[in-house]
Every structure is written in C-alpha cells, then in structure tokens.
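For reference, the structure is listed below as structure tokens.
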Amino acid sequence: MNSEKKPEQSLAARLSNRRSWLLLFYDFLIFLLVEVALLIHSPSSESKPGPGVVFPHMLVFFVCLLAARFTLDVYHHVVRYGGSSSYIRLIAADVIAGGCYYLLQLLLPIPSITFIRVVSIVMFNLLGALTIRLLYLFLYDYANQHPNRRGCLWHLIALLTANAITPADRSERAAVEANKINIAIVGAGRVGALLAEELLKNPGGAYRPRCFIDNADAKIGRIIDGVPVISDEEATVERLNSFGVSEIVFALPQMEPEQKKALYEQYKAKGFKLKVYDYPQMKSTDGGRRRMREFSIEELLFRQPIVIRNEMVSSYYSGKTVMITGGGGSIGSELCRQIARMSPKQLIIVDVYENGAYDVQQELRLAYGNALSLAVEILSVCDTTALDRTIAAYKPDVLLHAAAHKHVPLMEHNVCEAIKNNVFGTYNTASAAVRHGIGKFVLISTDKAVNPTNVMGATKRMCEMIVQGHRSMQTETQFAIVRFGNVLGSAGSVIPLFRRQIESGGPVTITDRRIIRYFMTIPEASQLVLEAGAMARGSELFVLDMGKPVRILELAENMIRLSGLEPYSDIDIVETGLRPGEKLYEELLVQPDQLEKTENSLIFVEREEQISHALLKEKLQSLSAAVSDGDDDAAREALHRVVPTFLRADEVNRHAVEAREMQMVQGEAN
C-alpha cells in the first residue's frame, strides 16, 4: 500500500469548477453590499467612519471570512446535493469568521467597532449567502416541477450557475417532463416525503409526484415540497384524474396489513396501477435501499411478517456443526443460506437429489468462499447405513430434518413410497440422532398433518408421532417439531403454477373456488425453523400464528392483476374440481385450547400427549408390513389405522362450512 501522502489540493484546484468561482463572486458582491451599508451607516449620535476605517475593516473581515469558508470546504460542495450539512458548514464558517474578526479588530492598530456592529455584519453576510443558495434551489426545483412555465427561469438559473441552457437543451428537458408518469403517493409521512423529494430532485427520472393521500388531519390541505396533500375521501377518480395521476405508490411501511389491504383493494377497484416504495422482500444487491417497485405476491397476502430475534438465533448456531437433510429443497436450501450467515463451525447438506444440493453448494461457495466450511453428502434418509456413517463422520450439534416427499396428488398414487421416505426416513434420522448423541433434532412439519385427509398429510402426522415417541425416551437429544402452512414460491407450489399459466395466456386453474390455505414466505418458514431450534428445550411442537387463511381464488386474481392483466377478461380462471385427498381448508392446531406463548409473540407451543416408544414401534410394524407387499391400497388403510385423525376428504369437506378457518374467511368477506 502506498503510504505517501497525497499533496494538499491547491486553492486553484478547489475553485477549478466555474460554478464555485461564480458562487464566490456572488458572495463577494454580497460582502461588499453588506460592508458598505453597515460600516457607512451609523446612528445620528456617531460620526460616519471614513475610508481609513472602512477599508481596513473590510479587508480584515474578508480575509477571516474567506479563510473560514475555505477551511470548512464551503465552496467544494455541490449546492443541489449538499443537504443540511452544507448549510451547517456555511453557518459554522461564518460564525468562526465573525469571532476571529472581532478579536483581530481589537488587537490590530485600527479603530475598533462595537460588538453589535460585528454581529450585524456577520449575520447579514450569512443571510445573503444562504439566500443566494436557496434561491438557486428554489428556481431549479420550480423549473423542474413546472416545465411549461420555465421561460426566463432557465436564463436566471443559467446566470446563477454559469451554465447556459440552449433551446435544444430546453426542448430535450421538456420532452423528458412530458413523458413522466404522474403519481399519487399514499402516505405523507417521512417515507412518502423522502420519495417525493427524491423524484423532484431527479429531472431525468420517470415519475412526477402530483399529490399525497393521507388521513391525518394535521397534514390534509397542506403542501410538502410543492405537492398538495389530500384526504382519502377526496381521492376520487375525478380528483386524481385532474392531477393526471396514472399510478398510485404506497409509502406506508408501518401500516397494519388489514388497512393496507383495504387501501389496495380500494385503489385497484378505481383502475389505477399500484406500486410500493419500500425495501425489497428478498435479499438484494443494493444494500437494502428503499425503491419503488411492484407489489410482490407475498405482500398481497397482507399478513404481518414474522419478527425473528436474529441475535439470539445467530448466537445459538454460531460455532456449531449443523446438518440439514433435504438441504437442496425449497425450505432446506433457504435454511442453508440462513445458517451460512450465522458463522457455523460447519454446514453439511444432505440430499438424495444431487442437482438441488449442487446448486446450493455453488451459491454458498460463490458467496462465502473458504470462509464457510461446507460439505455435501448425497444419500437417502432411508439408507440407515449411509446415514449412520455420515453422522458419525461429521458429529453435528444440530440436525434439521427437511427431507420429505410433499406433493399431495403424487403421494396419493405412491402411498408406499410416501411411507418409506417420510415415515421411515424420519424414524431412521431421529434414531440416528439418538444413537450419535446429537444435541438437537428439529422436524419440519406441515399444517396438512392436522386432521389429515391425504397420504402426504397422514405421513407427516406420523412423523410428528415418531418425534413424540423419541421424546418419551431418556435421551441426550432434544426434539422439536415446527409446523407451518404453505410456502410461497416453493417448488411445486401454486405460485409457480399460476405464473406459468399466466405467462402462457391462461387459463389459470384452481381446484375449487372455496378452497383456502395458510401461507408464509420461504425466508419466514426457514427463520421459524431456526428460532424453534434455538428455543427448543425438549417436547415442544412450535406453531406459527399465521393470521387469517387466504382464498386461493383471491390469490389467483391478484397474481393476474400483478401481471398487468384483468382476471376473467384477459385471463380466465377455471375450476377443475378437488383432487383426491384434497381438503377445502387446512388447520394448524390439533388442540386449539392447548397453546402456550413463547418469547416470540407470533410463535406458540402446542402441548400434546406423548405416545410411548412401545406404541410407536407397534404403529411402525403395522406400516412396515403393509408397505412390504407394495400394495398402495393396503398401505393407505394401514395409515388410517395408525393415524387416528386421518379422515376421508369427502367427509371433511361436507362439513367444511362449519370449520373455524372457513368461518374466519367468510366473516372477512362479509
């Protein structure tokens, strides 16, 4: 590294920009005007100072003023983008100059003047300097906001900035202004004001704020940066059209989901294109900066995001060896990303599907390089020998079990395979955790395990019973279960399906217009798993308060609108009928009255009666006998016997209207 100091920038270099020279010239004119006015003027009781007094004082003050302003780099800042710091510098420089001037005129062999006159000279010079800068900002902003009234404004700006604007320049800027999109900003708070300021100060931008919409009485009828604030009641289609508004931008990061949903539906019904000004939902490369963007499908669920105590979670996983089965899947891969950020001792990805594991491995290597100790093992959790060998080799402190078959329709036709992978794969992994003394085992479950009506849900309920059976044993391993609803954007979920159908021109297919589901994002699901792992002390079944369930029909309609199309006119929505084992609604709780709060207000613990390890073995033997013959029908019947809550879908759907979840959605609709 070159340790030589860079030469100090010369005065000429600092003033090389002609605008800095021009600004200095204007400040000098103000200085002359103030000095002449204040030094020559005197009360009637005093005699007017002569040139022998005026000129020495002018010279001393000018030297002090110039030295202070250059020391604090006042002329090196761009006025348009300097912000409050540039004005603080100017004020500080002039105050310092005034103090030095007062002391010097007392010490030097020149006639002294009163302190009040010194203060007056300093204050009027400062007022003039601030005025010339604010005048430039006002004229520049006014010209950009009112392109049709520019005329002589551009000539005045050119005079102030030494930047001649040709007719061609004016024509080009007028064309840019004419093509700007007029927007209304919902929310006249700090975030909305920042957005308006950002757009107004960007003459080359694509958007122009025309009004704010806010319900705060203290703001309605006022003006922010030249933009009027109107109430929600005033924001009719006619009023917004009078402003030329074609898009509405939400700048309400702290608004409750129910309120935001009501506003979204209100303005969407009026035919306006809607956007949001906030942080992106997923991790981005822009440093987490706010930006104006389309609503994401996750936001259209209008639910409160999970608040995770990152410090507690990070400190728990930091320095630990963590193994993730199913690490190449949707949830497993996100778990890998989250764990990688927490500085683990080692991260082991276990998956039978090599492509998914490889993709995550390459992503993490690219992001962390050698800073992350990463290993990938390709094996099936049904292979007890390979599983034992791998766990013995790495000795993980925590095992997160995400490996499972999850597709409901496919598992209905592959019952034996679902039982082998989900049930016996979980049993093999949990038993291996006990044998090798793993500190913590976390099972990732699903709301389909609650009163299941399909094979996939029944196998996951059996997985929960397997963990309960192991918890009843006296082991060093702490067991926990995390149960949550559908994950947006995961492989095979409804969101990618809807997106492909929309891109191909439709129709979008749903099985039943009445169907509802709980939803959460992949990062939320992963963070819940990690926090549960950190919180678990044994025998807990963690459940997320996911708010209200969502109509799949509403989700399809919103996705079509997000694509800039209208449902039923541009893209049709077609019902195909419920699939085998499909339930109209899902539940998160087996026993809703058996809930306990945790330190996280959105995470609860459901207490269930544990089953004995002996009873668990009986259930597994029954399933094993059914699976050994390869008869899917026999295996399904065996599942009904060992999972008492496994019901027929048609029986449950027949009484769906009475379910608490269906009534929640129906009540919201009414």
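The values are calculated or read from the model by the stated rules, or taken from the named source; none is laboratory data. These figures come from a predicted structure and were not determined experimentally. Neighbour counts run over all protein chains shown; Cβ positions are idealised from the backbone, glycine included.
Determine which single condition Gln266 fails, assuming it passes every other condition in (1) farther than 30 Å from Met546 by Cβ; (2) modelled with pLDDT under 90.
Failed condition: (1).
Only one of these is in the same structural domain as Met462 (by TED's automatic domain parsing) and of a type in the set (Gly, Ala, Ser): Ser504, Ser526. Name it. Spell out the reasoning first.
Values: Ser504 fails: in the same structural domain as Met462 (by TED's automatic domain parsing).
The unique qualifying residue is Ser526.
I'm checking my understanding of the structure. Among residues of segment 639-650 that are part of a helix (DSSP H, G or I) and touching a residue at least 40 places away in the same chain (Cβ under 8 Å), which one is surrounded by the most Cβ atoms within 10 Å (Cβ to Cβ)?
Here the residue is Leu639.
Name every residue in segment 216-270 that is of a type outside the set (Val, Ile, Thr) and part of a strand (DSSP E or B), in order of residue number. Before the answer, list the steps.
Start the filter on segment 216-270 by keeping residues that are of a type outside the set (Val, Ile, Thr), which leaves 216-219, 221-222, 225-226, 228, 231-235, 238-244, 246-247, 250-270.
If the condition is that a residue be of a type outside the set (Val, Ile, Thr) and part of a strand (DSSP E or B), then Pro228, Glu247, Phe250 are the ones that fit.
Only helices (runs of 4 or more DSSP H) wholly contained in segment 98-202 count here; list those with 3 or more residues that are closer than 30 Å to Arg69 by Cβ and at pLDDT below 75. Reasoning before the result, please.
On the way: elements: 115-145, 152-161, 167-178, 190-200.
Filter on segment 98-202 gives 115-145, 152-161.
Looking only at segment 519-551, how many residues end up being more than 19 Å from Asp397 (Cα to Cα) and either in contact (Cβ under 8 Å) with a residue 60 or more places away in the chain or part of a strand (DSSP E or B) (or both)? Steps first, answer last, please.
As a first pass, look at segment 519-551 and keep what is more than 19 Å from Asp397 (Cα to Cα): 519-525, 541-551.
From what is left, the residues that are either in contact (Cβ under 8 Å) with a residue 60 or more places away in the chain or part of a strand (DSSP E or B) (or both) are 519-525, 541-544, 546-551.
Qualifying residue count, segment 519-551: 17.
So, in segment 204-232, how many residues would count as being at pLDDT 90 or above and of a type in the set (Asp, Glu)?
Final tally of qualifying residues: 1.
Please go through segment 630-656 and give me each residue that is under 12 Å from Thr459 (Cβ atoms) and touching a Lys or Arg at 6+ places or on another chain (Cβ under 8 Å), ordered by number.
Residues satisfying the conditions are Val642, Val643, Phe646.
Part of a strand (DSSP E or B), in the same structural domain as Asn421 (by TED's automatic domain parsing) and either in contact (Cβ under 8 Å) with a residue 40 or more places away in the chain or more than 30 Å from Ala536 (Cβ to Cβ) (or both): which single residue out of Val657, Val605 fits that description?
Exactly one of Val657, Val605 is part of a strand (DSSP E or B), in the same structural domain as Asn421 (by TED's automatic domain parsing) and either in contact (Cβ under 8 Å) with a residue 40 or more places away in the chain or more than 30 Å from Ala536 (Cβ to Cβ) (or both), namely Val605.
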